[in-house]
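Input: a single structure, listed below in structure tokens.
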Amino acid sequence: MNLYELTTALTTAFGNDVPVHYHHVIVQEGEDLPVPYIITNAEELAPFRADDCNYYQFTNNTVTLYTDTFDVALMKKLEKVFDDNGVAYERSSDWDDSQMLFFHTYTVGLDDLDEEEDPPTPDPDPEPEPEPEQEEGEP
């Protein structure tokens, strides 16, 4: 699952009740952003490397749920979306005094490969390269 697919799954699960945004939300001056809402963000590429080869590429992402109360039901609903789609996550929760909001940040690792593309696999027994042929008269 990649970030686009996860965002689609979140939008489907929450509908219009909890809007899902990517990276940030633009709010007009004097306008309040209705809570709850979710912001998704791609943080960094995190390849798995060994033997001079990138075996697998994934992206560390954050999914942050903003609420005005500590809403356990919404957190469980969000976690169910992760569980139903096989997405492992870690959660941290905090309170923002300036915005008077709780924010629950889920760190998830998502695929960075296309569905059609397989990760490279090393050849366990590479064949030795043939030695160059020598011409007659060369030592």
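The values are calculated or read from the model by the stated rules, or taken from the named source; none is laboratory data. Note that this is a predicted model, so its numbers are computed, not measured. Every residue, glycine among them, receives a Cβ derived from its backbone with ideal geometry; neighbour counts consider all protein chains shown. Side chains are part of the model used for accessible areas, which takes the heavy atoms of the whole protein and leaves out ligands, DNA and RNA. Shrake-Rupley method; radii C 1.70, N 1.55, O 1.52, S 1.80 Å.
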* To do: For Asp125, state whether it is on the phi > 0 side of the Ramachandran plot, modelled with pLDDT under 80 and not aromatic (Phe, Trp, Tyr).
  => no
* Of all residues in segment 25-41, count the ones that are open to solvent by less than 100 Å² (accessible area, probe 1.4 Å) and free of Cβ contacts under 8 Å to residues at least 60 places away in the same chain. => 11
* To do: Collect the residues in segment 81-100 that are among the hydrophobic types (A, V, I, L, M, F, W, C), at pLDDT 95 or above and surrounded by 12 or more Cβ atoms within 10 Å (Cβ to Cβ), keeping them in residue-number order.
  => Val81, Phe82
* To do: Kindly provide the set of residues from segment 1-23 that are hydroxyl-bearing (Ser, Thr, Tyr) and surrounded by fewer than 14 Cβ atoms within 10 Å (Cβ to Cβ), ordered by number.
  => Tyr4, Thr8, Thr12, Tyr22
* **Residue selected from segment 65-102 under the condition part of a strand (DSSP E or B) and aromatic (Phe, Trp, Tyr), by the criterion farthest from Leu33 (Cα to Cα)** => Tyr89
